[in-house]
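Engineer: This is the structure I have questions about; it appears just below.
The values are calculated or read from the model by the stated rules, or taken from the named source; none is laboratory data. All values derive from a computational prediction rather than experimental measurement. Neighbour counts are summed over all protein chains in view; Cβ atoms, including those assigned to glycine, are modelled from backbone coordinates with ideal geometry.
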Amino acid sequence: MKNPAITLEDRYCAHNYQPLPVVLSSGQGIWLRDQDGKRYMDMMSAYSAVSFGHSHPALVAALTKQAGQLAVTSRAFYTDQLGPFLQLLCEMTGMPKALPMNSGAEAVETAIKAARKWGYKVKGIADQSAEIIVCRGNFAGRTTTIVGFSSEPQYRDGFGPFAGGFVSVPFGDADALEKAITPNTAAFLVEPIQGEAGIIVPPEGYLKKCREICDRHNVLLICDEVQTGLGRTGRLLASEHDGIKPDGLILGKALGGGLLAVSAFLAREDLMAVFAPGDHGSTFGGNPLAAAVGQAALRLLRDEKLADTAQRLGERMLAGLRAIQHPAIRAIRGRGLLIGMDLDPAVITAREFCERLMQQGILTKDTHDTVVRFAPPLIITADEIDAALTTIRHVFETLSTAVPLTEKSYA
Ligand SMILES: *Cc1c(COP(=O)(O)O)cnc(C)c1O
């Protein structure tokens with residue numbers, strides 16, 4: 001008999017996801033529990049939103065305290081929470097100004113609006129002709145404008161017509177970026193590591209070259225660090241690996257401490273200055289509850305040096321995965337605790353692998369059919385990483401018996 005929670009969700013919820021058949025009811029740190037009390041290690045962190053682990057006491061305290069004090073006012077008024085939150089956010093990221101939103105997609109839309117308006121009012125691009133260059137394989141959310149510049153057919157199919165003004169170039173190819181720039185180019189929007197595309201790490205120095213090219217052509221460099229930011233890749237921002245600073249920065253996911261949807265678009269002064277009162281907004285964006293939790297999340301990230309943990313344990317996990325010898329493994333990619341294991345679907349699909357991991361007490365999600373993602377909360381310990389590696393090795397061992405190596409090599 002099917003679990004009643006699954007039956008209900010399937011009956012009433014739109015089928016825009018295909019969840020693994022586990023019904024979660026509590027979470028603590030890196031651990032999740034299902035209805036029967038079975039424990040699972042979270043190797044997915046809600047697509048990196050839960051970088052601090054589940055129900056972190058400091059974050060729950062900030063949330064409950066602020067919820068009992070003042071939660072939502074709209075930005076029609078000042079609050080005592082927004083200023084301190086954005087001050088900390090700007091100081092930590094080195095960006096002078098921030099515009100708070102809720103979901104990552106909203107912050108990306110904010111970046112697009114800022115870039116276009118900057119293109120017209122500052123750079124002097126002719127009205128209605130601003131172009132934004134994006135990369136193939138990008139993921140920036142699910143609004144119609146954003147899926148309109150996706151290269152993934154399923155994200156687009158049936159949802160057009162789409163907004164114009166976007167030009168795609170291959171990810172990791174700085175020369176292609178330079179060739180695509182025209183006098184109408186306002187911005188280049190890029191993920192330092194493509195997350196949803198399968199944890200694609202660009203060639204060494206790619207962002208640095210992009211920075212130089214954008215400077216040379218007066219084009220804004222906007223980094224979408226919704227997934228890679230806030231310590232995930234071993235630095236506060238993934239763009240720091242290349243020693244560069246973007247003109248615009250998009251953060252989300254972990255910014256809400258895994259408790260709320262909190263995002264922000266950050267920018268240099270003259271870029272953010274294009275927004276005047278009434279140009280843009282959000283009912284919930286920057287609300288005191290979000291600001292209090294966001295501020296607590298940033299403090300935790302800074303005080304607990306979680307980026308350093310991601311760097312150190314990411315190396316341990318990458319080395320451990322690379323040491324596994326199995327014909328199903330095509331590649332192990334990643335940086336910090338954002339890791340992808342690319343599998344040969346002729347041996348096993350990433351989805352099947354995730355189902356087997358689930359049976360062994362690890363939860364994660366495939367991306368793009370062939371890639372298993374490993375992105376645990378950044379509060380994970382070395383022993384827990386080693387335990388996960390043991391389980392992953394065990395799943396491969398059971399595979400070898402189900403699919404004899406000889407059979408595969410002669411297939
Ligand atoms: C998840 C993600 C987004 C969208 O965030 P939502 O909160 O789902 O709207 C944008 N950009 C990147 C790189 C992401 O990974």
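Engineer: Consider only pairs whose beta carbons are under 6 Å apart and that are at least six residues apart or on different chains; among these, list those whose first residue lies in the stretch 134-150 and is at positive phi and whose second residue is within 11 Å of the ligand (Cβ to nearest atom).
Structural biologist: Listed by first residue and then by second, the contacts come to Gly137/Gln194; Gly137/Ala197; Gly141/Gly104; Gly141/Ala105; Gly141/Val108.
Engineer: Checking Leu298 against (1) touching a Leu at 6+ places or on another chain (Cβ under 7 Å); (2) assigned by TED's automatic domain parsing to the domain that holds Glu204; (3) farther than 21 Å from Arg75 by Cα; (4) crowded, with 24+ Cβ neighbours inside 10 Å, which test does it fail?
Structural biologist: Among (1) touching a Leu at 6+ places or on another chain (Cβ under 7 Å); (2) assigned by TED's automatic domain parsing to the domain that holds Glu204; (3) farther than 21 Å from Arg75 by Cα; (4) crowded, with 24+ Cβ neighbours inside 10 Å, the lone unmet condition for Leu298 is (4).
Rundown of residues vs (1) hydrophobic (A, V, I, L, M, F, W, C); (2) farther than 27 Å from Lys208 by Cβ; (3) assigned by TED's automatic domain parsing to the domain that holds Gly256, yes/no style:
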| position | (1), (2), (3) |
| --- | --- |
| Pro96 | no, no, yes |
| Glu109 | no, yes, yes |
| Ala126 | yes, yes, yes |
| Ser150 | no, no, yes |
| Gly164 | no, yes, yes |
| Val169 | yes, no, yes |
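Engineer: Give, as residue ranges, the helices (runs of 4 or more DSSP H) completely inside the stretch 1-74 that count at least 3 residues that are on the phi < 0 side of the Ramachandran plot.
Structural biologist: Those helices (runs of 4 or more DSSP H) span 4-12, 57-67.
Engineer: Of all residues in the stretch 177-206, how many are assigned to a helix (DSSP H, G or I) and either crowded, with 21+ Cβ neighbours inside 10 Å or basic (Lys, Arg) (or both)?
Structural biologist: 2
Engineer: Would you be able to say whether some residue in the stretch 25-36 is in contact (Cβ under 8 Å) with a residue 60 or more places away in the chain, of a type in the set (A, V, I, L, M) and within 16 Å of the ligand (Cβ to nearest atom)?
Structural biologist: no
Engineer: Has the stretch 208-216 got at least one residue that is outside any helix (DSSP H, G or I) and either acidic (Asp, Glu) or at pLDDT 95 or above (or both)?
Structural biologist: no
Engineer: Let me ask something else. Of the residues that make up the stretch 257-274, is at least one surrounded by fewer than 17 Cβ atoms within 10 Å (Cβ to Cβ), of a type outside the set (Val, Ile, Thr), within 29 Å of Ile392 (Cα to Cα) and out of contact with any Gly (no Cβ under 8 Å at 6 or more places or on another chain)?
Structural biologist: no
Engineer: Could I ask something else about it? Against the conditions (1) in contact (Cβ under 8 Å) with a residue 12 or more places away in the chain; (2) away from the ligand (no atom under 16 Å from the Cβ); (3) in contact with a strand residue (DSSP E or B) (Cβ under 9 Å, 6 or more places away or on another chain), where does Pro203 fall short? Just the number, please.
Structural biologist: Among (1) in contact (Cβ under 8 Å) with a residue 12 or more places away in the chain; (2) away from the ligand (no atom under 16 Å from the Cβ); (3) in contact with a strand residue (DSSP E or B) (Cβ under 9 Å, 6 or more places away or on another chain), the lone unmet condition for Pro203 is (3).
Engineer: Next up: Applying the selection to the stretch 37-59, what residues are within 16 Å of the ligand (Cβ to nearest atom) and touching a Gly at 6+ places or on another chain (Cβ under 9 Å)?
Structural biologist: Once the filter is applied, which keeps residues that are within 16 Å of the ligand (Cβ to nearest atom) and touching a Gly at 6+ places or on another chain (Cβ under 9 Å), the stretch 37-59 yields Ser45, Ala46, Tyr47, Ser48, Ala49, Val50, Ser51.
Engineer: With (1) farther than 18 Å from Leu399 by Cα; (2) crowded, with 21+ Cβ neighbours inside 10 Å; (3) more than 23 Å from the chain's Cα centre (by Cα) as the list, and Asp386 as the residue in question, which single condition is left unmet?
Structural biologist: (2)
Engineer: Same structure, new question: Does Pro170 satisfy being away from the ligand (no atom under 16 Å from the Cβ) and either closer than 29 Å to Ile332 by Cβ or surrounded by fewer than 19 Cβ atoms within 10 Å (Cβ to Cβ) (or both)?
Structural biologist: Answer is yes for this residue.
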